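Have a look at the structure below, then the notes.
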Amino acid sequence: MTQLFQSFGLSFEWSWFIATIAGILLIALPLMLSVAMIIYVDRKIWAAMALRRGPNVVGPLGLLQSFADGLKVFLQETIIPSASSKALFLLAPIITFTVALMAWAVIPINSGAILADINVGLLYVLAISSLGVYGTIIAGWSSNSKYPFFSAMRASAQMISYEVSIGFILICVVIYAGTFNMNGIVMGQKAHILGFLNGYGFNPLLFPMAVMFLISGMAETQRAPFDLTEAESELVAGYQTEYSSMSFALYWLGEYANVLLMCALNATLFWGGWLPPVDWAPLYWIPGWLWLFIKIFVFFFIFSWVKATVPRYRYDQLMRLGWKVFLPVSLLFVVLVSGWLMFMRNGI
Amino acid sequence: MITALAFYLFAGLTILAGALTILARNPVHSVLWLIMAFFNAAGLMVLLGAEFIAMLLVIVYVGAVAVLFLFVVMMLNIDFAELRAGFVRNFPLGIAVALVLLAEIVIGLGAVGQGGIVLGTADGSAAVPADMSNIKAIGMLLYGKYLFLFEAAGILLLVALVGAVVLTHRKRAGVRPQSVPRQNARRPQDATVNVKPEVGKGVSL
């Protein structure tokens, strides 16, 4: 895009600057729109599974429900508890929301369409997702209230635990791709299995990793059945109990942006990203971003489906799953995958 | 131009955050300023072209170590005024330590100015080519030339880990731990009885 602005007669620095800003807007604005729509979709899917109608009043089929909700919270009063640590209290939702948007910089949307094509793309995603925990901890602490604090403790323990196994799962992918660059990982999946299936998920050795990544993703984003941080029967509303109006909305949007990011990561790392699932020329006529969009949507449906059907985990079960099941299994798969590649590439 | 601006931004914020870490009244605020300092240090490393180290700094320090700090500081009821009581008395000692560190930095910079030691050439072979991505370069060094030292460091960490477990592990008598396989193997018919009692007759259990 830099060249485009340069062709208007701008200097390289200015065109780079404008191109980057434009790129950020081109990613962030559609993302915000998708977050608004995906909240609607989530509610509709949930309602359908509970044999209800879901939002159906605002706009045709209730499509404008999220915007109405947004307007509503915008007009509400922001209440800051008098005993809270004010600066941190206001900073926390901003951190959550910003971090949820930042990781999208390295998600390849189409061939060549990526905001930051950096060498350490996947590590960047890990680094950013490890920052996400601060929004929650700071909110819990600065609210100066019991339930948010309990919730913040739970959230941070949960996110750190699952990040460990996510790290090992990603190492399996990186060993296969031979690069941390997100574009490189997507291109490495082209015709990966049997010469025509695009995606590491089709690889029998990596399929269990794909499933584990999906489940860890649910735990990492604190979605049901791992939504212990917002367990309403025990903790009121968790770390966001004291938040109201826009600061609450930022959490709400950030949470869904994180869920979308996890879906996008699932699609990009295991199911070919913007590549069509099968390496067959006519399928490439459909633009890459549409494939990515379809895959994200499928994963989001799975997230909603699980939310609507699976009961909430107990906290010790959650920790057991993370440390005693996922961690050893993912470690075993790192050994298996690297052993298999060593055997394939170098012989015995 | 942008590089210089970014450098002064990151460097200035690192120093500011470092100063506020020790000046903040609330320990939780201190840890948060420390996190800010880590983050800006990572920014400086990106400017140096060491993006791998920068990401590791964020993942390890910001993502894990600082969270544990925060945990501990939030849980403990630390009274910083009490800790600060000896501040004036220990001030000369602090200044002395700071002067030693400053002298070391100055000597180090002076030595580099005279032509520093070239790293990565302990056995006389050439350094890693500059066009290689720095993850690859670090990997080549760690898993190639310095494999033994790297593994030794790993074993050291393992020993520390085992030591921590041994020190904190207590065997308590009379505990009935949960056995997940047993729980999973349990079927409804083991736990419940399905009876249809006649009217007026009780059920014996």
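Coordinate-derived values only; no laboratory data. All of these numbers come straight from a predicted model, not from anything done at the bench. Don't worry about glycine lacking a Cβ; one is built from the backbone with ideal geometry, like all the others, and counts go over all protein chains shown.
Quick notes on this one:
- Burial ordering of A:S330, A:S216, A:S161, fewest other beta-carbon atoms within 10 Å first: A:S161, A:S330, A:S216
- Cα-based shape type of the stretch B:1-78, given that a ≥ b ≥ c are square roots of the gyration tensor eigenvalues and the cut on a/c is 1.5: oblate
- Cross-link reach is defined here as a Cα-Cα straight distance under 19 Å, omitting same-chain residues fewer than 8 places apart; for A:K324 the aspartates and glutamates meeting it are A:E163, A:E220, A:D316.
- Ordering of A:87-97, A:264-274, B:159-169, A:56-66 by packing [mean C-beta count within 10 Å, highest first]: A:264-274, A:87-97, A:56-66, B:159-169
- Mean-position separation - Cα centroids, the stretch A:175-223 and the stretch A:82-126, in angstrom: 22
- Per-residue packing, averaged as other Cβ atoms within 10 Å, sorts the ranges B:47-57, A:249-259 into the order A:249-259, B:47-57, beginning with the highest.
- Label point distance in nm, B:R176-B:D190, each placed 7 Å from Cα along Cα→Cβ: 1.4
- Extension gain, A:S338 to A:K72, is 90.5 nm, computed as 0.36 nm per intervening residue step minus the present C-alpha separation.
- Farthest towards the positive end of the charge dipole of the stretch A:1-93, among the residues A:P81, A:T20, A:V58, is the Cα of A:V58, using unit charges on the Cβ of Lys, Arg, Asp and Glu.
- Links that overshoot a 31 Å alpha carbon limit, given the list A:K190/B:K136; A:K295/B:K145; A:K307/B:K136; A:K44/A:K190; A:K72/A:K307: A:K295/B:K145; A:K307/B:K136; A:K44/A:K190
- Label zone of A:W305 (point 7 Å out along Cα→Cβ, amide N under 14 Å): in the stretch A:173-215 this covers A:211, A:214-215.
- Binned Cα-Cα distance frequencies in chain A - 10 Å width, integer %: 5, 22, 32, 26, 12, 3, 0
- Spin-label model, A:A191 to B:L9: label points 7 Å out along the Cα-to-beta-carbon direction sit 4.4 nm apart.
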